[in-house]
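The values are calculated or read from the model by the stated rules, or taken from the named source; none is laboratory data. Note that the coordinates shown come from a computational prediction; the quantities given were computed from them, not determined experimentally. For neighbour counting, all protein chains shown are included, and Cβ atoms are generated from backbone atoms with ideal geometry for every residue, glycine included. These accessible areas exclude ligands, DNA and RNA; they are computed on the full protein's heavy atoms, side chains included. Shrake-Rupley method; radii C 1.70, N 1.55, O 1.52, S 1.80 Å.
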Amino acid sequence: MRWLQTLHEQWMAARKRRVTLAARAFRRDWEGLLDEAGITSAEDRQTALREAQNLSQLRLIAFKSKPRYIDKIEIPLEAEAWLHGRFGSSPGGEVQQRALAVVDRWAAEPHPLLSDLWLGLCGRLKAEFSIPRVVEPFRWLEAERVDELLRLMFHLTSREWPEGTLVRDASTRLGHGSKYLEEEQSFIERALAQLFGREMPLEALGIQTSNSVLHYCGPMVLHYEDHTKVLDLRYEAALSAVELEKVVHITTTAERLLTVENRKTTFLQLARADEARSTLMVASSFPTQAVRLLLQKLPREIPHYHFGDTDPSGWDILRRMREVSGREVQPFQMRWRSDENSWFLTSRDRQVIERLMHDPQMADCQADLQPMLDSKRRGDFEQESLPPVLLRAWPFFTSAPPSL
């Protein structure tokens, strides 16, 4: 019964996001339904009508002016359970409860490294699913997929991955096929962003992927063995790690390099403001393979500044940037700002701060790390909360950063 299959699909499209009982029966235009089911011949349409007449659960409604002809077909409220049973579907409320049960099960699983973050993620998912609302890539309508993603997140973040672990090796160590992580990368990185509260590529975990991309703005000349390539686009552009690997070295007329943690807003605002084209800007949280290749091939004498958030993860990104840059990296506009309404530090936050305070290369940041630790709060840490970019050239903000 193609027409019944089509009716079920249309009914599910209308009902599946509902988690409460519908108040009205579902109706469809009978002739329109047959057209959409691809039932076009008179004989097949007569057969479909006889089939519908034999299904006592459904109601056929004739035209008032032409009682011999069918106008609508209706699924009465009391027939909805029958239709679910016939096609193996479930009401939205049952789907919601399955998704909530999945979240509760994973919330009860102690995370060995990220206990607070894990409970925070599960808590947010439970709150949003209860509304219900999707939290990409976690969709409450797909409880099995939610379970798969949470299982993957749990095991992926429950170990420390050695820097440079190949993505296919990581995939097999997790018990999947060698290409699984690559195929799921976009979903994984969106899920990691939900867990960590910031953009988090796989490379931030130490897992090297083959499609690392450099997002940049500013003048560059790529020097290959047999030719050069001049790049100087006005706004954001991208280079793959594959292309950067072929480059022998890179030169620039820019006076400085600025890596910016927030790509979606702050990086774009600064890129548009730099009318003098005096700053080579790169969007980067944890330095990816593409960023590392750029740092390796740029002249070492070019000054490097990093503009990041000032929560524990933001300072940890600065530490990692200093490790891989091969040059001194100065913090730009990074000062911890007190905020009594900000999030409390998690146990992982405190561990990160204490590790940073014992790291000699972060000694110049003690004046910001200690007050954050003493306050027990992250403070007003996001780049977007700073005053707007007003100047059309370096240093962009009306007050110069203390490092200048």
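Starting from region 331-345, keep only residues that are over 22 Å from Ser284 (Cβ atoms), then list their pairs with residues that are open to solvent by 10 Å² or more (accessible area, probe 1.4 Å) and β-branched (Val, Ile, Thr) whose Cβ atoms are within a distance under 7 Å, requiring at least 6 positions of separation or different chains.
The qualifying pairs do not exist here.
Could you check, for region 188-195, whether at least one of its residues is touching a residue at least 60 places away in the same chain (Cβ under 8 Å), under 30 Å from Ala254 (Cα atoms), open to solvent by less than 20 Å² (accessible area, probe 1.4 Å) and outside the structural domain of Val291 (by the TED database)?
Scanning region 188-195 turns up no residue that is touching a residue at least 60 places away in the same chain (Cβ under 8 Å), under 30 Å from Ala254 (Cα atoms), open to solvent by less than 20 Å² (accessible area, probe 1.4 Å) and outside the structural domain of Val291 (by the TED database).
Among the residues of region 147-168, how many are open to solvent by 50 Å² or more (accessible area, probe 1.4 Å), modelled with pLDDT under 95, of a type outside the set (D, E, K, R) and not in a loop (DSSP other than H, G, I, E, B)?
Residues meeting the conditions: 1.
Just give me the residues in region 169-212 being in a loop (DSSP other than H, G, I, E, B) and β-branched (Val, Ile, Thr), in sequence order.
The one that is in a loop (DSSP other than H, G, I, E, B) and β-branched (Val, Ile, Thr): Thr209.
May I ask you to verify whether Val291 is of a type in the set (Val, Ile, Thr), in contact (Cβ under 8 Å) with a residue 60 or more places away in the chain and in a strand (DSSP E or B)?
No, not satisfied.
Given the condition in contact with a Gly (Cβ under 9 Å, 6 or more places away or on another chain), over 30 Å from Thr346 (Cβ atoms) and not assigned by the TED database to the domain that holds Arg151, answer yes or no: does some residue in region 25-38 qualify?
no
Specify which of the listed residues (Ser313, Ser278, Ser285) is assigned by the TED database to the domain that holds Pro360 and either surrounded by fewer than 20 Cβ atoms within 10 Å (Cβ to Cβ) or touching a His at 6+ places or on another chain (Cβ under 7 Å) (or both).
Unique residue meeting the criteria: Ser278.
Asp116 versus (1) farther than 30 Å from Leu4 by Cα; (2) in contact (Cβ under 8 Å) with a residue 60 or more places away in the chain; (3) buried (at least 17 other Cβ atoms within 10 Å of the Cβ): which is the lone unmet condition?
(3)
Does Ser171 satisfy the criteria of being over 22 Å from Asp274 (Cα atoms), buried (at least 19 other Cβ atoms within 10 Å of the Cβ) and out of contact with any strand residue (DSSP E or B) (no Cβ under 8 Å at 6 or more places or on another chain)?
So Ser171 fits the description; yes.
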